[in-house]
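**Student:** What follows is a single structure, and I will ask about it in a moment.
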Amino acid sequence: IITLNRPEVMNALNPPLEHAMLEVFTTVRDNPSIWVVILTGAGGRAFSAGNDLKWRSENEDSIREFSVSRKDAFNHPEFGLWKPVIAAVDGYAVGGGLELAMACDVIVASDRSQFGLPEPRRGLMADGGGVHRLPRIVPSKLAMEMILTGALVDATRAKEIGFVNRVVASEHLLDEAKALATEMMECSPKALQAAKQTVILSGDTPYWDVLDIEYSMFKALKASGDFIEGPKAFSEKRKPVWEDA
């Protein structure tokens, strides 16, 4: 479990936090014993309230010490993290916080959560992939309504439109996220990573090119021990023993 730990500012994002997060995700990527990641926020008020504009305005000099870092860098194909990432959202996920949640593979939310891209109400626009990702997650017209009004959507509505996978009471949030992670860990980690990699790399790719990507992923999976272990365990009516990721 990775926790955004700036509860005093509703886990607002600043360069030090973004760099620390990238370091942790690098460790996750390079550790074969870690199969699934849960990303959440401390404090119970917010997953993340977005970019910390106050910090940035007060640290104009020190901000130059940090190289450019994207909050969603862990999701970039060049970074190569193909392990599943679950966002466990309790409270506000707005602006950059929503973009961070969207960069995760699935979202589990508490029933008191709120989602939105309110940047236009501040004279800004979402610049962390939000306006690109949102119409690819929910129907276009609903995405445009959220983007063009800056209004917030509650967890129930977010689940109705397909933005959130599961909604539970706040006190059960992490248990539900862990249960989902456990479901994923029943699968071969190599198979999961191959599937995720195919989804990420295919994007808007033409159909026949996607088949080429799928074939290359399947070819790599076929060379692993899991390719033999899965069918063998099924035929022997036992749980499979997967190789590390």
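**Student:** If only one of 107, 137 is surrounded by 20 or more Cβ atoms within 10 Å (Cβ to Cβ) and not assigned by TED's automatic domain parsing to the domain that holds residue 198, which one is it? Spell out how you get there, then give the answer.
**Tutor:** Details: 137 fails: surrounded by 20 or more Cβ atoms within 10 Å (Cβ to Cβ).
Going through 107, 137 in turn, just one is surrounded by 20 or more Cβ atoms within 10 Å (Cβ to Cβ) and not assigned by TED's automatic domain parsing to the domain that holds residue 198: 107.
**Student:** Shifting gears a bit: For residues that are modelled with pLDDT of 90 or more and within 21 Å of residue 84 (Cβ to Cβ), tally how many sit in region 107-132.
**Tutor:** The total comes to 6.
**Student:** Any residue in region 191-199 that is surrounded by fewer than 16 Cβ atoms within 10 Å (Cβ to Cβ) and more than 28 Å from residue 27 (Cα to Cα)?
**Tutor:** No, region 191-199 has no match at all.
**Student:** Still on this model: Quick one: in region 199-245, of everything that is of a type outside the set (D, E, K, R) and in contact (Cβ under 8 Å) with a residue 60 or more places away in the chain, which residue is nearest to residue 188 (Cα to Cα)?
**Tutor:** First, pick out the residues of region 199-245 that are of a type outside the set (D, E, K, R): 199-203, 205-208, 210-211, 213, 215-218, 220-221, 223-225, 227-228, 230-231, 233-235, 240-242, 245.
Imposing the further condition that a residue be in contact (Cβ under 8 Å) with a residue 60 or more places away in the chain reduces the set to 200-201, 245.
Values: 200: 18, 201: 20, 245: 8 Å.
Residue satisfying both the conditions and the ranking: 245.
**Student:** Moving on. Among the residues of region 76-97, count how many are closer than 23 Å to residue 178 by Cβ, of a type outside the set (Gly, Ala, Ser) and not in a strand (DSSP E or B).
**Tutor:** Residues in region 76-97 being closer than 23 Å to residue 178 by Cβ, of a type outside the set (Gly, Ala, Ser) and not in a strand (DSSP E or B): 5 in total.
**Student:** When only residues in region 109-165 that are outside any helix (DSSP H, G or I) and touching a Phe, Trp or Tyr at 6+ places or on another chain (Cβ under 6 Å) count, which is nearest to residue 51 (Cα to Cα)?
**Tutor:** Here is the first cut: in region 109-165, the residues outside any helix (DSSP H, G or I) are 109-118, 123-129, 138-139, 150-154, 161-165.
In the following step, the residues that additionally are touching a Phe, Trp or Tyr at 6+ places or on another chain (Cβ under 6 Å) were identified as 114, 138, 153.
Values: 114: 16, 138: 23, 153: 19 Å.
Checked region 109-165; the qualifying residue nearest to residue 51 (Cα to Cα) is 114.
**Student:** Being free of Cβ contacts under 8 Å to residues at least 24 places away in the same chain and under 30 Å from residue 28 (Cβ atoms) narrows it down to one of 160, 171, 145, 119, so name that one.
**Tutor:** Values: 160 fails: under 30 Å from residue 28 (Cβ atoms); 145 fails: under 30 Å from residue 28 (Cβ atoms); 119 fails: free of Cβ contacts under 8 Å to residues at least 24 places away in the same chain.
None of the other options fit; the residue is 171.
**Student:** Further, regarding this structure: Can you spot a residue in region 194-204 that is within 16 Å of residue 243 (Cα to Cα) and not in a loop (DSSP other than H, G, I, E, B)? If you could, list the steps in order and put the result at the bottom.
**Tutor:** Quick first cut of region 194-204, residues within 16 Å of residue 243 (Cα to Cα) only: 194.
Remaining after also requiring not in a loop (DSSP other than H, G, I, E, B): 194.
Taking every residue of region 194-204 in turn, at least one turns out to be within 16 Å of residue 243 (Cα to Cα) and not in a loop (DSSP other than H, G, I, E, B).
**Student:** While we're on this one: Inspect region 173-186 for any residue being of a type in the set (Ser, Thr, Tyr), part of a loop (DSSP other than H, G, I, E, B) and on the phi < 0 side of the Ramachandran plot and give the result as yes or no.
**Tutor:** Looking only at region 173-186, we keep the residues that are of a type in the set (Ser, Thr, Tyr), and these are 182.
Still in the running and part of a loop (DSSP other than H, G, I, E, B): none.
Scanning region 173-186 turns up no residue that is of a type in the set (Ser, Thr, Tyr), part of a loop (DSSP other than H, G, I, E, B) and on the phi < 0 side of the Ramachandran plot.
The values are calculated or read from the model by the stated rules, or taken from the named source; none is laboratory data. Keep in mind the model is a prediction, meaning the values are calculated, not measured. Glycine also receives a Cβ, built like all others from the backbone with ideal geometry; neighbour counts cover every protein chain displayed.
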